[in-house]
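Some notes on the structure that comes next.
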Amino acid sequence: MATVQRRIGLIFGLFFLLLVLAAGRTMYLGTVHSGTLRAAARTQQLTHETVPAQRGTITDRNGIDLAVSEPAQDISATPYLVKNPLNAAQRLAPLLGESQATLLKDLSEHTGFVYLARALPAKQAQQVMALAIPGIAGAPVMRRVYPRGTLAAQVLGIVGTEGKGLTGLEYSHNSLLRGSAGERRVISDALGQPISIDNAHPEQAGASLSLTLDANIQRRTENVLSAVGKVFAPKDATAIVMDPRTGAILALANWPQMNANDPSAAPEGALENRAVGFDYEPGSTFKAVTVSGALQRGLITPNTPFSIPDQIQVADRTIHDDTEHAEETLTTAQILAQSSNVGAIKIGGLEGPDHFNEWVHRFGFGAPTGVDLPGEEMGRTLPLSEYSGSSMGNLPIGQGELVTPMQMATAYSAIANGGILRPPHIVGAVDGRRQPEPAGHRVISTTTGGSQDARGRPCPGGYCQRGLDPRLSTGR
């Protein structure tokens, strides 16, 4: 009996000692290390997560979506938490569209963090997370999608993995489109499961842009340009469709094409918007500027006759017409319609260097057009002080100076618009608010700029009255 009581006493004493030690430990942790433990609990149970903002939608003038954002996730890994990298790579490969070898290399990295996929579509991301592979995590992001693929791709531009516009309107209007990210507080239990989510700062979506582009006209323009590219195989090409009455750009196409959803597969240089970023010698298309200046000054009329041989001597240069021909008489209208080099040089000679140079700049050459697109070049005009004796033999026919396609389209629009030059623009509305149309200014008179044909359409220099189509006056 005494032995039993002694054992009970020992056991009681042992438990009492353990209770004292536990109480002491509790007091120690609750006083000396209380601040440290509370901070650790907050760190482990309370987290702050960034809520990505939805990037603003870009549409055409009729509301057709050209660029939209949709939920996605960045998939990452903490390699040292992945217990079986080979098995994980095998399971992830078909969902991430990567090879097992690539994923195995990433999952075997001696690092605490590695991206496996950026902006993975939400449906695929859900399938990845459903695998519940330890060490694999997802972070919510927004994914930029271009529903019409190649349509106006260089105009729209692309967005980088960090959600920042890199080219095109995505770049130049990034501050409007990007919106502002939000923040939420997540309280998790001991197992890491969220038990409370509070929005500390709600996200704010970016502004939407409505363009002046017409998706139907844009597609048809791109189809024509693509056909030109396939037949003639130029290094690159561009086309612009503009409403001369307002300066609104209805279509702007570039070739070769690129798919904005897969810019890495684009041919070299395909990301560039050649309509604004390319300088070139305009050639015969510049003759309309030469003729307009002489018409405006009253030096000629559309019916003024000129004696046109097949070549002309200017200082030390001999300039030929496109084809050899006997001397003939052509009116101003015929010179322009047939794109006669000799005739344009004779008309430029009537103006003289000073006045010709004035008209070059009056039509906007040598300066940006002000179009709301990034990367606009300004061309290069020859300073009057650098004119030589032969300059008036090449400048009137568009040689020796550089222009951009947008400058040429703007100048021709001024002629078609009865002499009013309007800066081109492509953004029609921001968040549904119509943008004011850029103010225009007169560069030539209505009479010089154009009369109207039977349908009331502008007709430069009265050529419609002679049965000539001014659209043919862009060179041979």
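What lysines sit close enough to Lys83 to cross-link, taking a C-alpha to C-alpha distance under 30 Å and skipping anything fewer than 8 places away on the same chain?
Qualifying lysines at Cα under 30 Å: Lys105, Lys123.
When a/c reaches 1.5 or more, the comparison of a/b and b/c decides; with that in mind, is segment 277-395 rounded, prolate or oblate per its Cα gyration tensor?
Verdict is prolate for segment 277-395.
How about segment 317-409: which GluC sites (Glu not before Pro) there are in a DSSP loop, with at most 10 other Cβ atoms within 10 Å of their Cβ?
Filter output for segment 317-409: Glu324, Glu327.
Calculate the spin-label point distance for Ser226 paired with Ala122, positioning each point 7 Å from the Cα along the beta-carbon direction, and give it in nanometres.
So the label points at Ala122 and Ser226 sit 3.1 nm apart.
Determine ³J(HN,Hα), in whole Hz, for all residues of segment 307-317 in sequence, where each value follows from phi through the Karplus function 6.51 cos²θ - 1.76 cosθ + 1.60 and θ = phi - 60°; x replaces Gly and Pro.
7, 10, x, 7, 8, 9, 9, 10, 6, 9, 10
Shape call for segment 63-177 from the C-alpha gyration tensor, a ≥ b ≥ c root eigenvalues: rounded (a/c under 1.5), prolate (a/b greater than b/c) or oblate?
Judged from the Cα gyration tensor, segment 63-177 comes out prolate (a/c at least 1.5, a/b above b/c).
Just going by the charge dipole of segment 328-445, with Lys and Arg at +1 and Asp and Glu at -1 on Cβ, which of Asn394, Val360, His441 is farthest out on the positive end?
Of the candidates, His441 comes out farthest on the positive side.
With θ taken as phi - 60° and the coefficients 6.51, -1.76 and 1.60, list the Karplus ³J(HN,Hα) couplings across segment 340-353 in order, rounded to whole Hz; mark glycine and proline as x.
6, 5, 4, x, 5, 5, 4, 5, x, x, 5, 6, x, x
Mind listing the long-range amide H neighbours of Met242? Cut-off is under 5 Å, sequence gap 5 or more, other chains count too, H placed in the peptide plane at 1.01 Å from N.
Leu250
Over segment 266-381, give the accessible area per residue in Å² for a 1.4 Å probe, as an integer.
With the other protein chains kept in place, segment 266-381 gives 43 Å² per residue.
Once phi is turned into θ = phi - 60°, what whole-Hz ³J(HN,Hα) does the Karplus curve with 6.51, -1.76 and 1.60 give for every residue of segment 378-383, x standing for Gly and Pro?
Result, ordered by residue: 10, x, 8, 9, 6, x Hz.
Of all the accessible heavy-atom surface of segment 341-419, with the other protein chains kept in place and a 1.4 Å probe, what percent is carbon and sulfur?
Values: 1410 of 2580 Å².
Here carbon and sulfur together make up 55 percent of the probe-accessible area.
The values are calculated or read from the model by the stated rules, or taken from the named source; none is laboratory data. Everything numeric here is computed off the predicted structure, so don't read it as measured data. Don't worry about glycine lacking a Cβ; one is built from the backbone with ideal geometry, like all the others, and counts go over all protein chains shown. Please note that ligands, DNA and RNA were not included when accessible areas were found on the heavy atoms of the full protein model with its side chains. Shrake-Rupley method; radii C 1.70, N 1.55, O 1.52, S 1.80 Å.
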